[in-house]
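Trainee: This structure is in structure tokens; I'll ask about it shortly.
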Amino acid sequence: MIQQPIRLALAIGWHYGCNRKTLRGIKRYAVASHHSILIEPLSPQFFKAIRRWQPDAIIADPERPSLVEDLLALDLPTISVLCTWHMPDHPGVGKDDHAVGRAGAAHLLEKGLRRFGYVGYPDICWSQWRAEGFAQAVHDAGGECRQFSCSSSAFPRLASEKADRRGDGLRTWLREEAKPIGILCANDPLGQELAQLCRELDLRVPEDVAIVGVDNDDVFCELADPTLSSVDVPWERMGYEAAAMLDRLLAGEAMPTAPRLLPPAGVRQRES
């Protein structure tokens, strides 16, 4: 580990609970190491701030491939975190989304269910990886799994025309599926929305439809009615591990080029 403080730029948004947990983990490590921090979501403004602030290193969550290319062009020591898009030949820390799906399946299988569904975004990589892990675990246990696909253009907004159309499709899907059924949602906002739709359709949760979200975002989980069980993704640990990895990188330690994927910390059981 290097001994002197560094100027650390964080190219991570703070709009979602998972991002804020990740930032807390980075902050916890940085405070102990006396590092200075600049936080700016990855955008054109971030690259302007980089030129002005001149950091020693970057921890980033590149949300699309073009931003990966822009980050690589800076030629600064960089760790990717969350790993929405991996940066080639750069180390990173992310979540094991296949394991997230398996954890959701294990929780629902323990309820004795035989029919299962997954609600997610087929055009977002982390959602599809969760779907694959969930479906494989269900099939390995002899269960049946159906998938309802949502348009990512409505993510994460619940109050929009596209989200309204998604809700109409979900209502039809819920009516047609045999009960009881256990459903894993790609994230907690979808889980909360699904619980709301079940109430509108007079479906009992969890007796008719057992629901599990992902991220253990306490705001969405506690606002859901009934409260939402959720796969606990170790966001804060990811942030801490990314900051520690960056220190080792700057100290000259050889780093793997594939991201280190952390498994979920189980399922936080609530009422759903």
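Trainee: With the requirement that a residue be part of a loop (DSSP other than H, G, I, E, B) and either in contact with a helix residue (DSSP H, G or I) (Cβ under 7 Å, 6 or more places away or on another chain) or surrounded by fewer than 23 Cβ atoms within 10 Å (Cβ to Cβ) (or both), what does region 213-231 give you?
Mentor: Asp215, Asp217, Ala224, Asp225, Pro226, Thr227, Leu228
Trainee: Please work out which one of (1) within 16 Å of the chain's Cα centre (by Cα); (2) modelled with pLDDT under 95; (3) surrounded by fewer than 24 Cβ atoms within 10 Å (Cβ to Cβ); (4) not in a strand (DSSP E or B) is the condition Ser127 fails and give its number.
Mentor: Going through the list (1) within 16 Å of the chain's Cα centre (by Cα); (2) modelled with pLDDT under 95; (3) surrounded by fewer than 24 Cβ atoms within 10 Å (Cβ to Cβ); (4) not in a strand (DSSP E or B), Ser127 breaks only (3).
Trainee: Given the conditions (1) surrounded by 24 or more Cβ atoms within 10 Å (Cβ to Cβ); (2) over 22 Å from the mean Cα position of the chain (by Cα), which single one is not true for Glu207?
Mentor: That leaves (1) as the condition not met.
Trainee: In the set Arg28, Arg7, Arg51, Arg64, which member is modelled with pLDDT of 85 or more, surrounded by fewer than 18 Cβ atoms within 10 Å (Cβ to Cβ) and either within 24 Å of the chain's Cα centre (by Cα) or not hydrophobic (A, V, I, L, M, F, W, C) (or both)?
Mentor: Answer to the selection: Arg28.
Trainee: Regarding Arg157, is this residue modelled with pLDDT under 90, of a type outside the set (Gly, Ala, Ser) and under 18 Å from the mean Cα position of the chain (by Cα)?
Mentor: yes
Trainee: Within region 165-221, how many residues turn out to be over 19 Å from Cys150 (Cβ atoms) and without any contact (Cβ under 8 Å) to a residue 12 or more places away in the chain?
Mentor: 2
Trainee: So, one more: Got a sec? Which of Leu184, Leu203 is modelled with pLDDT of 95 or more, of a type in the set (A, V, I, L, M, F, W, C) and assigned to a loop (DSSP other than H, G, I, E, B)?
Mentor: Going through Leu184, Leu203 in turn, the sole match is Leu203.
The values are calculated or read from the model by the stated rules, or taken from the named source; none is laboratory data. Note that this is a predicted model, so its numbers are computed, not measured. We place every Cβ from the backbone using ideal geometry, glycine too, and count neighbours over all the protein chains shown.
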